[in-house]
Amino acid sequence: MVKLYRHNPYIRLGGDIITILVIMVVVSFGVAGGALWWANGHWPSQISMRALGANGVFAIILLQNSAFVGWAWWRLADTQRERLGIAIADWPRVALYSIIGVPLVLVSNIVVGVVFVLLGLRQNQTAGYPIIAGDYAGQLVFLVAATIIAPLGEELLFRGYFWERIRTLAGVSGAIGGSALIFAVGHSLSASQGAIVLVMQTFVMGLVLAWLRHASGSIWAGWVAHMINNMIAVAIATYMVNHPQTNGIDNSIAVAIVTYCINHPLFGCVRAV
């Protein structure tokens, strides 16, 4: 069995996917649940980012993404920087695709989100953010975790490690589709309702980020686009929490932007009656 695992690349890839999912479950539910049990004296009936608070979520994101980076680095121990897409051979090319990637990621995320909103389907990932009105220190901590640490760990794992593994087995097209699918499945754990919406949004976003990995030759253009996408989403969600007079959101960056426009005619939209 060990020999088969070592010499069959498809079985190794399957084992890698299972390992990453186990890491996500253990950190997201095991460690988080243990922390809440330690604080409250009993195992929580439901584990949420709000219950953990901004500092707790920061620690979980840091731990999870450190595990992602460590796993990818260990599995590609011979030529880490090149195979993970960290090395930059053409800086102007990376800069160009960073500029191109930002609107592509934002538009893909918004379009898919709006389509599902029109269909009456919503996911509640944003509603679970540990953003408390007036807790500006906590909001800053979560912003750093969600916009810098998480995108870096995810780009190294999905567009670095899994991209390289799948590319050697199925070529560039397979790497784009396969890494996007794994990226989407991994994010399905982030919503307790409307998970299909989140999966489709992250799948399309994953396709764009994987294409940026191929076109730019490194993970950094995707990281910039991923970071700015998350930054806008968290910033709008934070604004909504700090300004409760605006319509609340419970869905995604798409709903946040639609709601924001409805309530701000300065941006050329009509105020809701």
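The values are calculated or read from the model by the stated rules, or taken from the named source; none is laboratory data. Just so it is clear, the structure is predicted and the values come from calculations on it, not from any experiment. Here the Cβ is made from the backbone with ideal geometry for all residues, glycine too, and neighbour counts use every protein chain on show.
Filtering the stretch 249-273 down to residues that are surrounded by fewer than 14 Cβ atoms within 10 Å (Cβ to Cβ) and among the small types (Gly, Ala, Ser), which residue is modelled with the lowest pLDDT? It comes out as Ala272. Taking the stretch 51-77 as the search range and keeping residues that are of a type in the set (A, V, I, L, M) and farther than 27 Å from Gln139 by Cα, which one is farthest from the chain's Cα centre (by Cα)? Residue satisfying both the conditions and the ranking: Ala77. Counting the residues of the stretch 72-82 that are modelled with pLDDT of 70 or more and either under 12 Å from Trp163 (Cβ atoms) or surrounded by 13 or more Cβ atoms within 10 Å (Cβ to Cβ) (or both) gives 3.
With respect to (1) modelled with pLDDT under 85; (2) surrounded by fewer than 20 Cβ atoms within 10 Å (Cβ to Cβ), the lone exception for Met231 is condition (1). For the stretch 207-228, a tally of residues being surrounded by 24 or more Cβ atoms within 10 Å (Cβ to Cβ) and in a loop (DSSP other than H, G, I, E, B) returns 2.
Taking into account only those residues within the stretch 24-50 that are assigned to a helix (DSSP H, G or I) and of a type outside the set (A, V, I, L, M, F, W, C), which is surrounded by the most Cβ atoms within 10 Å (Cβ to Cβ)?
Here is the first cut: in the stretch 24-50, the ones assigned to a helix (DSSP H, G or I) are 24-40, 49-50.
If we keep only those that are of a type outside the set (A, V, I, L, M, F, W, C) too, we end up with 28, 30, 33-34, 40, 50.
Values: Ser28: 18, Gly30: 12, Gly33: 16, Gly34: 12, Asn40: 10, Arg50: 14.
Among those that are assigned to a helix (DSSP H, G or I) and of a type outside the set (A, V, I, L, M, F, W, C), it is Ser28.
Pick from the stretch 83-107 the residues that are of a type outside the set (A, V, I, L, M, F, W, C) and over 10 Å from Gly222 (Cα atoms): which of them is modelled with the lowest pLDDT? Reasoning before the result, please.
Residues of the stretch 83-107 of a type outside the set (A, V, I, L, M, F, W, C): 83, 85, 90, 92-93, 97-98, 101, 103.
Adding the requirement that they be over 10 Å from Gly222 (Cα atoms) leaves 83, 85, 90, 92-93, 103.
Details: Arg83: 70, Gly85: 81, Asp90: 88, Pro92: 92, Arg93: 93, Pro103: 93.
Within the stretch 83-107, the match that is modelled with the lowest pLDDT is Arg83.
State whether the residues of the stretch 95-105 include one that is over 18 Å from Tyr129 (Cα atoms) and exposed (fewer than 14 other Cβ atoms within 10 Å of the Cβ). Break it down into steps so the answer makes sense when it comes.
Let us first name the residues in the stretch 95-105 that are over 18 Å from Tyr129 (Cα atoms), namely 95-105.
Within this subset, residues satisfying the condition of being exposed (fewer than 14 other Cβ atoms within 10 Å of the Cβ) are 99, 103.
Taking every residue of the stretch 95-105 in turn, at least one turns out to be over 18 Å from Tyr129 (Cα atoms) and exposed (fewer than 14 other Cβ atoms within 10 Å of the Cβ).
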